[in-house]
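The values are calculated or read from the model by the stated rules, or taken from the named source; none is laboratory data. As the structure is a prediction and not an experimental result, all values here were calculated from the model. With ideal geometry, Cβ positions are generated from the backbone for all residues, glycine too; neighbour counts draw on all protein chains shown.
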Amino acid sequence: MFLTKLDRYILKKFLTTFFFSISLILMIFIVFDIKDKLSTFTTKNIPLQEIVFDYYLMFIPYYGNFFSPLFTFIAVIFFTSKMAQQTEIIAILSSGTSFRRFMRPYVVGAFILSFSSLMLNHFLLPKAFKIKIGFEDKWINNNYNNQDYNIHKRIGSNRFLYLESYDNKVNTGYRVSIEDVVNNKQVYFLSADNMVWDSTSREWILNNVRERQIISQDRLDTLKNEKPVYKQINKATLTKRIKLEFYPVDMWRDESKIETKTYFELKDYILREKLKGSNRIVLYEVEEYKRTSFPFATFILTIIGVCVSSRKVRGGVGLQIALGLFLSCIYIMLMYIFTTIATTGFTSPFLGVWTPNIVFSFVALYFYLRAQK
């Protein structure tokens, strides 16, 4: 049998302590958040149903997953150190059970939590975050609107878009120009007073359109150093429908663009942004790698937690918890430092995001080798 009675005993303690501690911290967070936003909830007459289901029901999994590695660590140290103080671990190891075998239920528990966190990060939390950020934009941020002016975007390998301004509320861009450039030469130019998004056909409707197409002739101008002769075709229309590699989501806040996308949507979005030559690729790749590296930290911190707290010491539970919190604070500090370094482009996003896990893997190995056998 894979899990013995002892394994189930430890695993039950592990998961029970984790969910109890994470529930307590989430309740505290919710109380403080309600206190902070109570005046907004009451003055704007926000329906209670939206507050509960569109905000706090999305709030719980987001912050619960965010703090899960830390509270996995705290849970492991808390109940394992209590077992050590009650000489349960000494009895287990004295019965002939190896320390490696003793760690099996911890690894199973860490796998359950990390796999759940991985699925949440890549597939469930983006959908929850979309609902949460929609609620915040609607009621708290007073309907977020883009404040950028003179917006330049590359929307294809040879196509460039310019907008003087953009209004998120009505999905409309003003003073529009589209330019196609091939071999550093302009071959097409379009200007319009505005462009409006049609969500039904997923097209842009341009108004008061002026187009210019530049065609190179087969013959050469021998009177002008044999340069190619160009022909221009000008056209003006009141309205024009056009499909572009540019969508209203591209003008959302950065956190709305990347944190509301599932794994496959984010991969596709990064690919499209690379084709456009976006200068924010690093930010998106950091988010992609962080979603995988963050759950992996659960394994590392679990191993460190078991090794640190499995030995009976004179200082008791308090000393071991203090050591555990010190190590977890160092890990969190490293995670934020190297994530920031990665976003600045100083190192690759993958290396920047995974460095804390690599460093703490060696820390885990050190504590494992020194653990009570």
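Going through segment 347-356 one residue at a time, which ones are surrounded by fewer than 21 Cβ atoms within 10 Å (Cβ to Cβ) and in a helix (DSSP H, G or I)?
Listed by number, the residues that qualify are 350, 351, 354, 355.
Output the residue which, of all residues in segment 319-346 that are loosely packed, with under 14 Cβ neighbours inside 10 Å and among the hydroxyl-bearing types (Ser, Thr, Tyr), is farthest from residue 78 (Cα to Cα). By that ranking, first place goes to 344.
For (1) modelled with pLDDT under 85; (2) more than 21 Å from residue 154 (Cα to Cα); (3) of a type in the set (Lys, Arg); (4) over 15 Å from the mean Cα position of the chain (by Cα), each residue gets a yes or a no:
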| position | (1), (2), (3), (4) |
| --- | --- |
| 267 | no, no, yes, no |
| 277 | yes, no, no, yes |
| 287 | no, yes, no, no |
| 300 | no, yes, no, yes |
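Taking every residue in segment 48-70 that is closer than 21 Å to residue 287 by Cβ and pairing it with any residue that is part of a helix (DSSP H, G or I) and among the basic types (Lys, Arg), at least 6 positions away or on another chain, the pairs with Cβ-Cβ distances below 7 Å are 58/132; 59/132; 62/132.
Can you pull out the residues in segment 149-166 that are outside any strand (DSSP E or B) and without any contact (Cβ under 8 Å) to a residue 40 or more places away in the chain?
To start, the set of residues in segment 149-166 that are outside any strand (DSSP E or B) comprises 155-158.
Matches in segment 149-166: 158 only.
Would you check if residue 309 is at pLDDT below 90, hydroxyl-bearing (Ser, Thr, Tyr), farther than 30 Å from residue 70 by Cβ and touching a Lys or Arg at 6+ places or on another chain (Cβ under 9 Å)? No. Filtering segment 327-346 to residues that are of a type in the set (Gly, Ala, Ser), part of a helix (DSSP H, G or I) and more than 19 Å from residue 366 (Cβ to Cβ) leaves only 342.
One line per residue, one yes/no per condition, for (1) assigned to a loop (DSSP other than H, G, I, E, B); (2) outside the structural domain of residue 167 (by TED's automatic domain parsing); (3) surrounded by fewer than 16 Cβ atoms within 10 Å (Cβ to Cβ):
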| residue | (1), (2), (3) |
| --- | --- |
| 237 | no, no, yes |
| 240 | no, no, no |
| 265 | no, yes, yes |
| 269 | no, yes, no |
| 275 | no, yes, yes |
| 284 | no, yes, no |
| 288 | no, yes, no |
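Here are 97, 80: which of them is in the same structural domain as residue 299 (by TED's automatic domain parsing) and either surrounded by fewer than 20 Cβ atoms within 10 Å (Cβ to Cβ) or of a type in the set (Asp, Glu) (or both)?
Values: 80 fails: either surrounded by fewer than 20 Cβ atoms within 10 Å (Cβ to Cβ) or of a type in the set (Asp, Glu) (or both).
Only one candidate qualifies: 97.
Looking across segment 357-373, the residues that are without any contact (Cβ under 8 Å) to a residue 40 or more places away in the chain and either buried (at least 17 other Cβ atoms within 10 Å of the Cβ) or under 23 Å from residue 68 (Cα atoms) (or both) come down to 358, 359, 362, 365. Applying a threshold of 9 Å to beta carbon distances and a minimum spacing of six or more residues, or different chains, the list of pairs starting in segment 322-334 at a residue that is over 17 Å from residue 80 (Cβ atoms) and ending at one that is hydroxyl-bearing (Ser, Thr, Tyr) reads 334/355. Exactly one residue among 113, 70, 93 is over 12 Å from residue 305 (Cβ atoms) and in contact with a helix residue (DSSP H, G or I) (Cβ under 6 Å, 6 or more places away or on another chain), and that residue is 113.
Quick check: anything in segment 218-228 under 41 Å from the mean Cα position of the chain (by Cα) and either surrounded by 14 or more Cβ atoms within 10 Å (Cβ to Cβ) or modelled with pLDDT under 95 (or both)? Full working, then the answer.
Taking segment 218-228 first, the residues under 41 Å from the mean Cα position of the chain (by Cα) are none.
No.
With respect to (1) over 15 Å from residue 69 (Cβ atoms); (2) of a type in the set (Gly, Ala, Ser); (3) out of contact with any Ser or Thr (no Cβ under 9 Å at 6 or more places or on another chain), the lone exception for residue 328 is condition (1).
Residue count for segment 154-170 under the criterion of being modelled with pLDDT of 90 or more and crowded, with 17+ Cβ neighbours inside 10 Å: the result is 5.
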